[in-house]
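A.B. asks: Take a look at the following structure, please.
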Amino acid sequence: KKRQEPRNNKYLLLFNGGINENYEVSESNVRAFKNTIEHYNNLSLAIINYGKSTPSEQNIRIVKTTEISGVLSPIDPNIGFEIWREHYLTLAQKHFLDSEIISPVRLEGAAGTGKTLTMVLKSIKSLLDAESLKMTLKTVFISHSISAKKYVKEIFERNCPEEKLAQFLSQGGQVCIEFYTLQEWCINFIGKKEWINENNLLEIDAYDSRLHQSLFIESLIKNISHETYDTYMAHCSDDLRMFMKKTEIDTLVEMFKFEFGVNIKGRANFDIKEYKSLKRSRNEIPALIDGDFNFIYRLFEKYQDYLGDQGLYDVDDIIIQALSTLNATLWKRERKNHGYDLVFIDETHMFNINELSIFHYLTKSAETKNIIFAIDRSQAVGDRSFLDDSINQVFESQRSEKLTLNFRSSPEIIQIASNIVNSGTMMFANFSNNINDTFGSFCYLDEAKCTKSRYLLFENMKYILEHSFNIVDNVCRKRKISRSKILLIGCDPFHVSELRKYAEKNNKPFEFIQNRGDVEVVKYAEVHNRYIICDIDCAGGLEFDGVVVVGIDAQKVPPKQNESGVGCAIHFQNYAWHNRLYVAITRARYFVHFIGELHCGFSKLLESSIQNELIEVKSGLKECIDAIENEF
C-alpha cells in the first residue's frame with residue numbers, strides 16, 4: 001500500500017483461499033504479481049491463479065467482482081440476456097440459470113441480491129432452450145401488484161433477444177410466457193365460468209384493493225354503535241377488552257384484516273365453529289373465550305354486509321372462489337391442457353396463506369410442481385409465524401438456491417440493515433434473517449460515492465420538513481444528479497402528508513408513490529427532475545442512490561405503547577416495524593439518512609447501528625445544518 005499510493009496506482013493481489021489450508025504466500029507469488037503489473041501497466045485489476053485445486057462451488061460466495069463503467073452499472077437490469085450470461089452473473093446465479101427444474105425451487109436472498117432479475121433471466125433461458133429443442137413450453141410469471149408486473153415485464157422485454165420477443169409474448173404459442181398479478185389470473189380464470197368480473201372488485205389492483213379494505217375496516221371499528229359494542233364487550237375476556245381499548249387504530253386495522261381474510265374466510269371457510277377451533281399464534285388478536293370470537297365474527301358480518309350491499313368482492317373472496325373452482329372436477333380434466341409447464345412467482349413474501357394455496361394448482365400436473373419462487377421473509381411485514389410452514393406445505397420437496405451477492409446497497413447500508421434484522425431475530429422466534437450472509441459488490445468508484453449515514457434530530461416539524469428537502473438539494477447539486485435519485489420516505493401518514501403539503505406550499509415539484517414498486521412514477525420524476533415522496537409501506541421493489549427516512553424517533557418507530565398495552569399488539573407492531581425499516585433502507589445504493597424530533601430521542605431500532613458507529617447522530621439546528629452543508 002505504501003509503495004502504490006505515491007505512484008497513484010491501485011492494484012490488488014488476491015490469494016486463493018477456501019476450505020483447504022495448503023495455500024502459501026511465497027516470494028515467488030509476489031514477484032510474479034509485480035512482473036505482471038509491469039508488463040500489463042494498463043490493467044487496473046490482475047487475477048493470477050496459483051495451485052491446481054479449486055474450491056467447490058458451494059464454498060465460493062463471491063468469485064469475481066467486475067467493475068462496469070460507462071453507461072452500465074452493476075445494478076442495471078437491462079443490458080441483455082447474453083451480456084448478463086457471459087459477463088455479469090455470479091456463480092450462484094449461473095448455477096441456478098443452468099439447473100434443470102424438476103421440483104419447486106426456492107430462490108432466497110436479501111433485498112438487492114437480484115432475485116427478480118435472476119428469475120426473469122431464467123424464464124428467458126427456459127424459453128430459448130425449449131424453442132431450440134422444438135418443445136412446447138407454456139410459462140407464467142406471477143406478481144403481487146400491477147406495478148410490480150409491469151416492472152417484471154419490462155425487464156423481460158429489455159433482456160429477451162429482440163427477434164424472439166414477439167413470439168414469446170404471443171399467448172397460445174408453442175413457446176410463450178404470460179404475465180399476471182395473482183388477482184388478474186384468478187379473475188381471468190373464474191370470470192370465464194362464473195359471474196365475477198373486474199366491475200365486482202374493490203379495486204382492479206390487489207394492492208389498491210387491500211388499501212380500500214383497510215379504509216373500510218377502520219371506519220367499521222371507529223363507528224361501531226355503543227349498543228353493539230357494550231353488549232358484546234360484556235361477554236368478552238379482559239384481554240380482548242384491553243386490546244380494543246389500548247391498541248392503535250392502524251394496528252387494529254391490520255390485525256382485523258388478517259383475521260377476516262385468512263382466519264375466518266380462508267382457514268375456517270366462514271364457519272364460526274371451525275373458526276373457534278383454530279390454533280392461534282401469539283401475535284394475533286387475543287381471542288380466548290366464546291365471547292371474544294362472537295364479537296370478532298359480528299364485526300366480520302358487518303364487513304361482509306358492506307361488500308354485499310355494494311356488490312363487491314375483496315381479494316380473499318376472489319382467491320377463495322378461484323380455489324373452489326380449481327379444486328373442482330372441470331379443472332382436474334382441463335389442467336393438462338390449460339395449466340403451465342413452468343411457474344415463476346415474484347416476492348412470495350407479499351402473499352397471504354390464502355394466496356399461497358393457489359400456486360400448486362397452476363402447473364399442468366398435480367404430481368409435477370415446476371415452480372420457481374423468490375422470497376425474502378425479512379420483507380414480510382407483520383408475518384404471522386406460519387409463513388414457512390405454509391410455504392413448505394404448498395411447495396413440497398423444494399430445492400433452495402440462495403443469492404448472497406448484493407448488487408444494490410453499499411457495505412455500510414447492508415450492515416445497518418443486518419443490525420436492524422438481527423435485533424428482530426432476538427425478539428421474535430420466527431423472524432427470518434436473509435442479510436447476515438450477504439456481501440457487497442461495490443467497486444472503487446461506487447465506494448467513492450458512499451456517504452456515512454447521519455441521524456439528524458431537529459427541534460420541531462418546521463425544521464424537519466425544510467431540511468429533508470435541503471438534503472436532497474445538496475446531494476443533487478454536489479453530485480450533479482436528478483432529484484428523483486433520492487427517495488423521501490415518511491414513516492407514517494402524518495409525515496407523508498406534511499412532506500406533500502410543504503412541497504406544494506414551497507413550489508417544490510414532486511411525485512408521490514402510491515403503489516409498491518411503481519417504476520412508472522420514478523421514470524416520470526426522473527425525466528422532469530422532480531422530488532419523490534412515498535409512505536414507508538410503498539417503498540419496496542424500488543431502488544435509489546439515496547434514501548431519507550423522515551419522522552423516525554423513539555415515539556413513532558415503533559409507536560410507543562403504554563405499559564398496559566396488549567402483548568400481541570406490541571409484538572405485531574415491533575415485528576412489522578423491523579420489516580418496514582429493513583425494506584426502506586435497502587432501497588438505497590450509496591447512503592441513507594434519518595430525520596426525527598429531538599425531544600423524542602432516537603429510535604431503538606437504530607440503537608445497535610449507532611453504537612457500532614455506522615450512523616452518526618447530530619442534534620440541534622446548527623449541528624444538523626453544518627452536517628448537511630459540509631458533508632452532503
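A.B. asks: Hey, if you put +1 on the Cβ of every Lys and Arg and -1 on every Asp and Glu Cβ in the range 289-386, which of A374, G291, T363 ends up farthest toward the positive end of that dipole?
C.D. replies: T363
A.B. asks: Determine the dipole magnitude for the range 194-352: charges of +1 sit on the beta-carbon of Lys and Arg, -1 on that of Asp and Glu, nothing else is charged, the reference point is the Cα centre, and the result goes in debye to the nearest 20.
C.D. replies: It comes to approximately 680 debye.
A.B. asks: Here is a further query. Using only Cα atoms, what Kirkwood radius does the range 96-138 have, in angstroms?
C.D. replies: The Cα-based Kirkwood calculation yields 11.6 Å.
A.B. asks: Listed here are the pairs K115/K369; K336/K402; K149/K364; K222/K257; K122/K364; K150/K449; which of them are more than 26 Å apart at the Cα?
C.D. replies: Among K115/K369; K336/K402; K149/K364; K222/K257; K122/K364; K150/K449, the Cα-Cα distance tops 26 Å for K336/K402; K150/K449.
A.B. asks: A further question on this structure: For the range 322-383, just run the numbers: alpha carbon Rg, then divide by 2.2 N^0.38 Å, N being how many residues it has.
C.D. replies: Output field value: 1.23.
A.B. asks: Let me ask something else. Charges on Cβ only, +1 for Lys and Arg, -1 for Asp and Glu, centred on the Cα centroid of the range 453-542; of Y463, C476, C534, which one is farthest towards the dipole's positive end?
C.D. replies: C476
A.B. asks: While we're here: Can you compute the modelled spin-label distance between S324 and R500, with each label point 7 Å from Cα toward Cβ, in nm?
C.D. replies: Using points 7 Å along Cα→Cβ, the separation is 3.7 nm.
A.B. asks: Whole percent per 10 Å bin, from 0 to the bin with the longest distance: what is P(r) over all C-alpha pairs of the range 450-512?
C.D. replies: In order of increasing distance, the bins hold 18, 56, 25, 1 percent.
A.B. asks: Roll a 1.4 Å probe over the protein heavy atoms and report the accessible area of V522 in Å², nearest 10.
C.D. replies: Here the residue's solvent-accessible area equals roughly 30 Å².
A.B. asks: With no solvent and one point on each alpha carbon, what is the Debye value of log10 I(q)/I(0) for the range 95-215 at q = 0.10, 0.13, 0.17, 0.18 Å⁻¹?
C.D. replies: -0.38, -0.63, -0.99, -1.07
A.B. asks: Can you list, bin by bin at 10 Å, the percent of alpha carbon pairs in the range 223-306, starting at 0?
C.D. replies: Calculated P(r), rounded to whole percents: 16, 57, 26, 0.
A.B. asks: Follow-up. Measuring from label point to label point, each 7 Å out along Cα→Cβ, what is the K336 to E459 span in nm?
C.D. replies: Reported label-point gap for K336 and E459 is 7.9 nm.
A.B. asks: Can you work out the FRET efficiency for the pair R399 and L215, with r the C-beta to C-beta distance and R0 = 56 Å, to the nearest 0.05?
C.D. replies: Plugging the Cβ-Cβ distance into 1/(1 + (r/R0)^6) gives 0.85.
A.B. asks: Okay, moving on. Roughly speaking, what is the stretch gain from Y306 to E613, that is 0.36 nm per residue apart minus the C-alpha to C-alpha distance, in nm to one decimal?
C.D. replies: Extra length available between Y306 and E613 comes to 105.3 nm.
A.B. asks: Under 18 Å from the Cα of K556, which lysines turn up, not counting those fewer than eight places away in the same chain?
C.D. replies: Within the straight-line cut-off, K556 pairs with K246, K462, K604.
A.B. asks: Charges only on Cβ, +1 for Lys and Arg, -1 for Asp and Glu: so what's the dipole of the range 513-632 about the Cα centre, in debye to the nearest 20?
C.D. replies: It works out to roughly 320 debye.
A.B. asks: Would you mind calculating the gained length between H87 and E100 on full extension (0.36 nm times residue separation, minus the Cα-Cα distance), in nm to one decimal?
C.D. replies: Extra length available between H87 and E100 comes to 2.5 nm.
A.B. asks: Quickly work out the K245-to-K622 label distance, labels modelled 7 Å from Cα along the C-beta direction, and quote it in nm with one decimal.
C.D. replies: Here the modelled spin labels are 4.8 nm apart.
A.B. asks: Work out, step by step, the length gained on full extension between S225 and L169: first 0.36 nm times the residue separation, then minus their alpha carbon distance; give nm to one decimal.
C.D. replies: 14.8 nm
A.B. asks: If you don't mind, there's one more thing I want to ask. Treating only the Cβ atoms of Lys and Arg (+1) and Asp and Glu (-1) as charged, compute the dipole magnitude of the range 99-150 about its Cα centre; round to the nearest 20 debye.
C.D. replies: 200 debye
The values are calculated or read from the model by the stated rules, or taken from the named source; none is laboratory data. A quick note: this is a predicted structure, and the numbers were derived from the prediction, not measured. Cβ atoms come from the backbone with ideal geometry, glycine included; neighbour counts cover every protein chain shown. The accessibility values were calculated without ligands, DNA or RNA, using every heavy atom of the protein model including side chains. Shrake-Rupley method; radii C 1.70, N 1.55, O 1.52, S 1.80 Å.
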